[in-house]
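Have a look at the structure below before the remarks.
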Amino acid sequence: SSLAEIEKSKSEWTKNELRREAKILYYNRYVNEKKQIILNESEEILQLLITTSEAKFSSNQSQLQTIYKAKARLAELNNMLLMLDGAIAESNIGLNILMVRDVNTIFQIDTLIAPVNYSFSIADTSNVSNRSDITALNKYIQSMKLEQKVMKVGVRPDFGVRAEHMQMFGMPNQWSVMGMMTLPIVPWASKMYRSETKSIGFQIQSMEQEKQTMQLMATRMSAEKLTMLNYENAQYQSYTKNIIPAYENNLQANLLAFKQNTGDFFVLLDAWEMLLMKKLEAYDKLFNILKLEAEYEYEMEIK
């Protein structure tokens with residue numbers, strides 16, 4: 001019975017590990033699909049800028065080397081889109097395997113994911129002792145204590161009763177009852193049982209220390225994840241509220257100057273490239289936040 005409880009706790013911890021893997025694969029696909037949208041929008045803008053610059057080249061209002069640079073950036077965008085396709089396909093394969101489906105099954109995912117934003121507090125990391133892996137170890141310790149009791153009982157005499165019935169043709173029924181008693185050889189048996197009991201005691205002490213170490217490590221890891229979440233959230237908010245809007249204004253100002261023939265296409269191309277880079281960096285930060293949340297939920301076994 002005690003061994004069955006151990007396996008049950010191990011099974012729950014395996015589920016927890018699979019949940020973390022599924023979340024990270026899911027978030028990876030979600031962020032990469034968002035990046036695809038950004039790249040497609042940037043590709044349209046860049047294509048329009050190249051067309052406009054080529055039209056202005058005939059009147060010496062743009063430079064040929066800048067047009068070639070823009071076309072190179074356009075080719076790089078197509079390459080980045082291919083890389084994202086590969087990353088999304090990899091996530092799909094992993095998710096389909098976890099769902100026990102054909103790896104090529106096509107499915108859509110929720111596009112309204114938002115970070116949970118766990119707040120840091122000591123209470124958030126105080127329940128790590130309830131994790132399934134620590135519970136399994138605790139139940140294993142209890143099982144070892146039960147085995148220790150069995151060893152102590154082994155030095156006692158063993159009693160038994162055996163009853164037999166025999167029926168033969170033409171003869172009366174025969175019954176036989178036999179009583180048995182097994183006596184351990186002292187002191188050999190007592191020494192053997194004492195040494196085995198003592199050995200189990202040392203194993204229990206070792207597992208108690210291991211359980212304390214696991215609890216300390218789980219508390220440390222969960223606290224680290226929450227701390228990193230706070231920093232990543234602050235950086236992500238800075239990207240969305242300050243950095244990206246500033247680069248968008250920079251692009252709009254350069255685009256207006258280019259339309260009025262007072263701006264340079266090279267500067268405009270640089271403004272477009274910086275805005276694209278910052279948008280992709282913001283989604284990288286979002287993925288870090290979602291991944292840290294998945295790892296925190298893994299450490300705390302939040303379902």
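The values are calculated or read from the model by the stated rules, or taken from the named source; none is laboratory data. What you see is a predicted model, and the numbers here were worked out from it, not measured in a lab. Ideal geometry is used to build each Cβ from the backbone, glycine not excepted, and the neighbour counts take in all protein chains shown. Heavy atoms of the whole protein, side chains included, go into the accessibility calculation; ligands, DNA and RNA do not. Shrake-Rupley method; radii C 1.70, N 1.55, O 1.52, S 1.80 Å.
Assign one of three labels to the stretch 64-120, namely rounded, prolate or oblate, based on the Cα gyration tensor with a ≥ b ≥ c the square roots of its eigenvalues; rounded applies when a/c is under 1.5, prolate when it is not and a/b is larger than b/c, and oblate otherwise.
Cα axes put the stretch 64-120 in the oblate bin.
Tell me, what does the Kirkwood hydrodynamic radius of the chain come to in angstroms if you use every pair of distinct C-alpha atoms?
One over the average 1/r among Cα pairs gives 26.1 Å for the chain.
Quickly rank 211-217, 15-21 as a protection proxy: mean count of other C-beta atoms within 10 Å, highest first.
Descending packing order for the listed peptides: 15-21, 211-217.
Viscosity 0.890 mPa s, temperature 25 °C: Stokes-Einstein D of the stretch 1-116 from its Kirkwood Cα radius, in µm² per second?
137 µm²/s
Please compute the per residue accessible area over the chain with all protein chains in place, 1.4 Å probe, rounded to a whole number of Å².
That works out to 62 Å² per residue.
Using a 1.4 angstrom probe and counting only protein chains, how large is the accessible area of residue 248 in Å², to 10?
The accessible area of residue 248 comes to roughly 70 Å².
Rounded to the nearest percent, how much of the accessible area of the chain (1.4 Å probe, protein heavy atoms only) is carbon and sulfur?
With neighbouring chains kept in place, the figure for the chain is 57 percent.
Could you sort 27-37, 250-260, 108-118 so that the peptide with the highest average Cβ count within 10 Å comes first and the rest follow in order?
Answer by packing, highest mean first, reads 27-37, 250-260, 108-118.
Nearest 20 debye, what's the magnitude of the dipole of the chain about its Cα centre given +1 on Lys and Arg Cβ and -1 on Asp and Glu Cβ?
Around 1060 debye, computed over the chain.
Mind checking which of 193, 223, 144 is farthest towards the positive end of the chain's charge dipole, using Cβ charges of +1 (Lys, Arg) and -1 (Asp, Glu) about the Cα centre?
Ranked along the dipole, the leading option is 193.
How far is helix 2-57 tilted off the main Cα axis of the chain, in degrees rounded to 10, range 0 to 90?
So the inclination is approximately 10 degrees.
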